[in-house]
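Here is the structure we will look at.
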Amino acid sequence: MIAIIMAVYNGETYLNEQIDSLLSNTEKDFVLHIFDDGSTDRSAAVIQSYTDKYPSKIFYHRNVTNQGVIHNFLNGCLQVDADYYMFCDQDDVWLPEKIAHSVEAVKLAEAQSPNVPIALFGDARVVDDSLQQLHPSFQQMSGYHTDALDVAHLLMENKLIGCTMLFNRALRDKLTDTVPDGLRMHDWWIALIASAFGRIIYLDEPLLLYRQHTGNVVGGSSRSYYITNRVKHLTAQRQVLYDTCKQAEVFLTIYNDQLTETQKRLVSLFAGLPSANWFTRRYLILRYHFLKSGLLRNLGVLLII
C-alpha cells in the first residue's frame, strides 16, 4: 500500500485540481492522508466533499495547533502505516503515471538492495497559476547536479523535490518518534537519511506540474535569480548556511550510533564549520566536497561562509 501524505494550509484554491489528479493516476493502490495545519479558508469543506465520496481512500486529519510544513509532513508519516510514502503539496497537478513509475523504480531497487532505506525523486514541469508551462524541467532550470547524492554534497545542498519523492518503509522506520527541531526542510531530512543508510534514485522524467505562485512555501527559480537574490542578501544567506550546519548537528546527535566512523567525522566537520576559522572553513569545504551545484553557487558559499 502507498500512503500519500498531503500537507494543507489554506489551500482551497487548488485542492480540487490536485486531488483529482491523484485520483486520475493509473496506479490505484494508494490512500491519501490529508493533514490540515489549521486552515481558516474553505479547505476543510473541499476535503470533506472528497472524504464523503471516497471514505476508504481519502482521510482527513486536522492538527490541533499549526505545526509548520516540516512537522506537518513528517508527523504525517509517523501517523500512517504503509509500504511506501509520497509527499504531496496542495497546489500541484500530478501526471497520470507519477505513482506507477515511482513505485516500479523503487521496487526494482529493493530487489537489488533488500531491506535498505530507499528514496526516489524525479523532475517536474514548472508551470504558472494557470498551469501554463514556464519551463519543461525544474532540474534543468535550477541547475542541480542530480548525480551528486552522497552525504557530503547533501549536507550542503538538497536536490530532492519533496513533491516528486517516494520512499519505502525501511526509510520511514529511520525517523524518530518525535520530529526534531532544527531541520531545514522535510525532503532534505529524508534525503540525508537515504544517503547515509541506503540509496537515492533519480527518475529522469517529469512527474508533475510544479505550480509557481506567490503562495509557495518553497518554489523553483532560475540560476540567475538564485545568484542575484543571494548577492543582495549576503547576511541572510550566511545565516541560512549556518542553519544548514545546525541541521547536520541535529543529524549527528540523532544518528550518531548508526553512522560509520567516516560518516561521523564527515558530518561533524560540516556541523562545526561556523566555529572554524576563516581558512579552515574554506579548506574543509573543498577538501571534503561540501559543495553545491555549479561554480557560481560554490563561489557564493566560499564568499559568505
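The values are calculated or read from the model by the stated rules, or taken from the named source; none is laboratory data. Here the structure is a predicted model, which is why all the values come from computation and not from measurement. Cβ: placed from backbone, ideal geometry, glycine included. Neighbour counts: every protein chain shown. Just the protein is used for accessible areas: all its heavy atoms, side chains included, with ligands, DNA and RNA removed. Shrake-Rupley method; radii C 1.70, N 1.55, O 1.52, S 1.80 Å.
List of remarks:
- Count of region 129-145 residues which are touching a residue at least 24 places away in the same chain (Cβ under 8 Å), open to solvent by 30 Å² or more (accessible area, probe 1.4 Å) and part of a loop (DSSP other than H, G, I, E, B): 5
- The set of residues in region 146-167 that are closer than 13 Å to Asp204 by Cβ and assigned to a helix (DSSP H, G or I) contains only Thr164.
- For Trp94: the one exception among (1) touching a Cys at 6+ places or on another chain (Cβ under 9 Å); (2) under 19 Å from Lys174 (Cβ atoms); (3) aromatic (Phe, Trp, Tyr): (2)
- Neighbours by Cβ (under 8 Å, 6+ apart or cross-chain): first from region 30-59, farther than 27 Å from His101 by Cα; second open to solvent by less than 10 Å² (accessible area, probe 1.4 Å) and in a strand (DSSP E or B): Asp36/Val8; Asp37/Val8; Ser39/Val8; Ser43/Val8; Ser43/Asp36; Ala44/Asp36
- Search result, residues across region 251-270 that are among the aliphatic types (A, V, I, L, M), open to solvent by less than 20 Å² (accessible area, probe 1.4 Å) and either in contact with a strand residue (DSSP E or B) (Cβ under 9 Å, 6 or more places away or on another chain) or in a helix (DSSP H, G or I) (or both): Val267
- Test set (1) out of contact with any Phe, Trp or Tyr (no Cβ under 7 Å at 6 or more places or on another chain); (2) among the small types (Gly, Ala, Ser); (3) in a helix (DSSP H, G or I) - Ala82 fails condition number: (3)
- Index of the failed condition, Ala111 passing every other in (1) open to solvent by less than 20 Å² (accessible area, probe 1.4 Å); (2) in a helix (DSSP H, G or I); (3) not charged (D, E, K, R): (1)
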